[in-house]
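Note sheet for the following structure.
The values are calculated or read from the model by the stated rules, or taken from the named source; none is laboratory data. Predicted, not measured: the structure shown is a model, and the values here were computed from it. Here the Cβ is made from the backbone with ideal geometry for all residues, glycine too, and neighbour counts use every protein chain on show. Calculation scope for accessible area: heavy atoms of the full protein, side chains included, ligands and nucleic acids excluded. Shrake-Rupley method; radii C 1.70, N 1.55, O 1.52, S 1.80 Å.
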Amino acid sequence: MSGHAEVGNYLTHPKGLRSWLTTVDHKRIGLMYMATSMTFFFVGGIFALLIRLELMTPGLTLMSADTYNKFFTYHGAIMIFMFIIPIIPAALGNFFLPIMIGAKDVAFPRLNLASYYIFIAGAALSVWALMAHGADTGWTFYTPYSIRSNTSVVLITLGVFVMGFSSILTGLNFIVTVHKLRCPGMTFHRMPLFVWAIYATAIIQVLATPVIGITTLLLIMERLLKIGIFDPALGGDAVLFQHFFWFYSHPAVYIMILPGMGIISEVIPVFARKHIFGYKAIAYSSLAIAGISFLVWGHHMFVSGQSDLANMLFSVLTMFVAIPTAIKVFNWTATLYKGSISLKTPMLYALSFLFMFTIGGLTGLFLAALSVDVHLHDTYFVVAHFHYVMMGGTVMGLLAGLHYWWPKMFGKMVHEWSAKISWGLIFIGFNMTFFTQFFLGYLGMPRRYYDYPPEYAGLNMISTIGSWFLLAGFALMAFYFIRSLFLPGKAPANPWGGKTLEWQIASPPTEHNFPEIPTVTGKPYDYGVVKL
Amino acid sequence: MTHGETVIAETKHKVPHHFDSAEQAFESSKLGLWLFLVTEILLFGGLFVAYVIFRGLYPDLFHTASQHLNKILGSINTVVLICSSLSMALAVDRVRQNDPNKAHQYMLVTLFFAACFMIIKYVEYTHKFHEGLLPGGNFTNAALAGDPKAPLFFSLYFMMTGLHGIHVLVGMGLITWVLIRSNRGEFSSSYYTPVELVGLYWHLVDLIWIYLFPLLYLIG
Ligand code: HEM
Ligand SMILES: [Cu+2]
């Protein structure tokens, strides 16, 4: 082992397109996922801008009602299934989880590559569907409309089925990696919190995704063979579809947020230069969230004709989710207390997460309250709620992670002031776009319509202008990220003074991560002695 | 690929470089497969839930409709699959005991039982098609025409046994694959992970049928 003094880094060694397409290196696979999902983020974002343009003024602004139905479906389906579910676990998780536990790779490297190509196949099916007859059912594919719609529902749900399979394999790989490949001394209670978060996510991926698998399969059969299980006209039950769908899709919202929370748990101690407050509470709250997330799906169906008893149970259980979530938020805040806070870009995003995710979580509690939800269900209030958790939460976490780990992944630093300006644009743009929607929803504007009465015009205009700030912010970000790759100079191995294992190796890492398998002797966030 | 590669004696198998030992690799693969089996159970779980709900809603209908399934063929198939599980378990055991020839024979026997299962299923399906006992909107059977919900039972029947049948086919493919690799002398008592895993998968496929059979055929 000691004979390999100077090995090339993983980006350039081995060289060539073929070596990338057939790689089994978790870091390269992570980057391939990242490039793919970010492309979908871009495409989904274009549809979002178009939706906002249509809603800028009442009446027909840009597109017909039918086109609008298709566009919001594309936006939702692309963002959920092709961007937000894979982006953190499959891209950043793939890259950093093995390194953070001192492993050379994930447990099953070839399966890892296979799951990437399965993802590509599923995404291709869905894109094909969009180019064939599209889809206008919304990302939720509710029956019976999805049985009758004359769009390419079969293809797109087949795509979701296949991508789900990929998600299962990724989760399975990570669970085994965490259990079997930790380096000497890396006990469960010494694992970085990002690893805990990805681990909890992986459990949900493995346990929830098969259910969306069978649901989409039944929907496909519904259309191909008229099996009638979800079709009231054939004796079936349309609400059963909603149960099946949300049995997956509620846990899936924690597939989306837990990895983001994991990143925040990494970034906050590093940039507050303090040991994380309540390590075990944060670690186990991830598992608690994963557990409870399976018991609350009915909160999406308060007005779908569930029994009162079911409604009450689901309402109470939903409020329980807020407990482990709040535990995390309090612990992060406590970590900040009396820390030496450095407002570098990753930290700005982490703080934005704290601020906006909290708004998203609290408004979730409004929705969990039965009588309030009767008023707010299917209004823009729900749209604002889930954008505050998914964009204000997950995407802020993702951006914190991207800025935090960029030097490690590519060995380059980004231009700090460009990053701060871009952060400012995104922060303002996001809140303009979505805070207005809480009011719109509260005033009664329903979601998923291309038109609205003139009373709502003012707030909608502000919301649309906000979306342009977001566009500007993300365009600037794409520019400085890409430019950084061509800048001269090399990032140091540990630019932020991180304590976790990924910062103890070269930037970018070598093919097998560690020259020698490390032995861990302490906790991941031991600050107080380090000076920057 | 130069770090810590251990070559196991007797076979050409190399422990992948990111594992420390053959045992760690074996344990990992096994944990991975168990997790995969959990996802399979959850996949079928959706169908079982649908079954429970509709049977709860229409108990009489499920009773009458189930009379149209062939209990004899169903029972034969149950026995056939149990036998195939036994022969697969013996095959795994023989590989582990360094007795490849016996192992091959047992694998062939397993394949034979699996093929019998599929043939019998084929006979049953053609019979159902013939009588118009088809899922949902395609249902044309005259005897049950009075009950508008009757097609639901057959939707579930075809979905459950069809998905199971696909799993049997996949299992047959996997058994053939380990049989070929075993023929090439790739396995021995020190490395037989794929055989063990395919065996586990096969037992799960059998187990699912053990539940499907009474639920669909023996409603009394
Ligand atoms: C404190 C935690 C949370 C609570 C109490 C909560 C509660 C709720 C409730 C009750 C609804 C249904 C509202 C309705 O349709 O009338 C809802 C919708 C939604 N939530 Fe949350 N939520 C929480 C966190 C999250 C997180 C973390 C995410 C994603 C990262 C998320 C994503 C969504 C989405 C996507 C919808 C709407 C789905 C649709 O109908 O298209 N939620 N939430
Ligand atoms: Cu939910």
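Filter region A:246-282 for residues that are part of a loop (DSSP other than H, G, I, E, B) and either open to solvent by less than 10 Å² (accessible area, probe 1.4 Å) or within 16 Å of ligand 1 (Cβ to nearest atom) (or both) and give the result.
A:Ile276
Within region B:158-169, can one find any residue that is open to solvent by 10 Å² or more (accessible area, probe 1.4 Å) and away from every other protein chain (no Cβ under 11 Å)?
Scanning region B:158-169 turns up at least one residue that is open to solvent by 10 Å² or more (accessible area, probe 1.4 Å) and away from every other protein chain (no Cβ under 11 Å).
Give me the residue from region B:14-41 that is hydroxyl-bearing (Ser, Thr, Tyr) and open to solvent by 20 Å² or more (accessible area, probe 1.4 Å) and, out of that set, nearest to the other protein chains (Cβ to nearest Cβ).
Among those residues, the one meeting the criterion is B:Ser29.
Across region A:108-124, which residue is farthest from A:Lys408 (Cα to Cα) among those that are open to solvent by less than 10 Å² (accessible area, probe 1.4 Å) and out of contact with any Pro (no Cβ under 9 Å at 6 or more places or on another chain)?
Filtering first and then ranking leaves A:Gly122.
Considering only region A:217-232, I want to know if a residue exists there that is open to solvent by 20 Å² or more (accessible area, probe 1.4 Å), within 16 Å of ligand 2 (Cβ to nearest atom) and touching a residue at least 12 places away in the same chain (Cβ under 8 Å).
no
What helices (runs of 4 or more DSSP H) lie completely within region B:32-148 and have 1 or more residues being among the β-branched types (Val, Ile, Thr), under 30 Å from B:Val195 (Cβ atoms) and out of contact with any helix residue (DSSP H, G or I) (no Cβ under 8 Å at 6 or more places or on another chain)?
In region B:32-148, B:71-96, B:100-131 are the helices (runs of 4 or more DSSP H) which contain 1 or more residues that are among the β-branched types (Val, Ile, Thr), under 30 Å from B:Val195 (Cβ atoms) and out of contact with any helix residue (DSSP H, G or I) (no Cβ under 8 Å at 6 or more places or on another chain).
Pick out the one residue from A:Val395, A:Val389, A:Val382 that is within 23 Å of A:Arg448 (Cβ to Cβ), more than 14 Å from ligand 2 (Cβ to nearest atom), out of contact with any His (no Cβ under 8 Å at 6 or more places or on another chain) and β-branched (Val, Ile, Thr).
Of A:Val395, A:Val389, A:Val382, the one residue that is within 23 Å of A:Arg448 (Cβ to Cβ), more than 14 Å from ligand 2 (Cβ to nearest atom), out of contact with any His (no Cβ under 8 Å at 6 or more places or on another chain) and β-branched (Val, Ile, Thr) is A:Val395.
Among what's in region B:134-149 and is among the hydrophobic types (A, V, I, L, M, F, W, C) and within 13 Å of another protein chain (Cβ to nearest Cβ), pick the residue that is least open to solvent (accessible area, probe 1.4 Å).
Ranking the candidates gives B:Leu144 first.
Restricting to region B:104-131, and then to whatever is open to solvent by less than 60 Å² (accessible area, probe 1.4 Å) and within 14 Å of chain A (Cβ to nearest Cβ), can you tell me which residue is modelled with the lowest pLDDT?
The selected residue is B:Lys128.
Taking interchain pairs and intrachain pairs at least six residues apart, which have beta carbon atoms under 6 angstrom, with the first residue in region A:51-75 and farther than 17 Å from A:Asp136 by Cα and open to solvent by 20 Å² or more (accessible area, probe 1.4 Å) and the second of a type in the set (Ser, Thr, Tyr) and part of a loop (DSSP other than H, G, I, E, B)?
A:Pro58/A:Tyr452
Okay, residues lined up against (1) away from ligand 2 (no atom under 11 Å from the Cβ); (2) not hydroxyl-bearing (Ser, Thr, Tyr):
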position: A:Trp246; (1), (2): no, yes
position: A:Ser249; (1), (2): no, no
position: A:Tyr254; (1), (2): no, no
position: A:Gly260; (1), (2): yes, yes
position: A:Phe271; (1), (2): yes, yes
position: A:Tyr279; (1), (2): yes, no
position: A:Ala288; (1), (2): yes, yes
position: A:Trp297; (1), (2): no, yes
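Listed here are the residues, each with its yes/no results for (1) of a type in the set (A, V, I, L, M, F, W, C); (2) touching a residue at least 60 places away in the same chain (Cβ under 8 Å); (3) touching a Ser or Thr at 6+ places or on another chain (Cβ under 6 Å); (4) over 30 Å from A:Phe241 (Cα atoms).
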{"site": "B:Lys30", "(1), (2), (3), (4)": "no, yes, no, yes"}
{"site": "B:Leu35", "(1), (2), (3), (4)": "yes, no, no, no"}
{"site": "B:Gly46", "(1), (2), (3), (4)": "no, no, no, no"}
{"site": "B:Lys71", "(1), (2), (3), (4)": "no, yes, no, yes"}
{"site": "B:Ile76", "(1), (2), (3), (4)": "yes, no, no, yes"}
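Only one of A:Lys420, A:Lys408 is assigned to a helix (DSSP H, G or I), away from ligand 2 (no atom under 16 Å from the Cβ), open to solvent by 10 Å² or more (accessible area, probe 1.4 Å) and of a type in the set (D, E, K, R). Can you tell me which?
Result of the check over A:Lys420, A:Lys408: A:Lys420.
Assuming A:Phe330 fulfils every condition listed in (1) farther than 23 Å from A:Val372 by Cβ; (2) at pLDDT 95 or above; (3) open to solvent by less than 70 Å² (accessible area, probe 1.4 Å) apart from one, which condition is it?
Unmet condition: (3).
Of (1) open to solvent by 40 Å² or more (accessible area, probe 1.4 Å); (2) assigned to a helix (DSSP H, G or I); (3) within 26 Å of A:Phe40 (Cα to Cα); (4) in contact (Cβ under 8 Å) with a residue 40 or more places away in the chain, A:Tyr450 satisfies all except one. Which?
(2)
Considering (1) under 24 Å from the mean Cα position of the chain (by Cα); (2) in contact (Cβ under 8 Å) with a residue 60 or more places away in the chain, say which one A:Ala472 fails and leave the rest.
Evaluating A:Ala472 over (1) under 24 Å from the mean Cα position of the chain (by Cα); (2) in contact (Cβ under 8 Å) with a residue 60 or more places away in the chain leaves (2) as the failure.
Only residues that are away from ligand 1 (no atom under 11 Å from the Cβ), open to solvent by less than 50 Å² (accessible area, probe 1.4 Å) and assigned to a helix (DSSP H, G or I): list them for region A:283-310, please.
Hits for region A:283-310 are A:Ala283, A:Ser285, A:Ser286, A:Ala288, A:Ala290, A:Gly291, A:Phe294, A:Ala310.
Does B:Leu152 satisfy the criteria of being surrounded by 14 or more Cβ atoms within 10 Å (Cβ to Cβ) and outside any helix (DSSP H, G or I)?
no
A:Ala384 fails exactly one of the following numbered conditions: (1) open to solvent by less than 10 Å² (accessible area, probe 1.4 Å); (2) closer than 30 Å to A:Ser342 by Cα; (3) not polar (S, T, N, Q). What is the number of that condition?
Unmet condition: (2).
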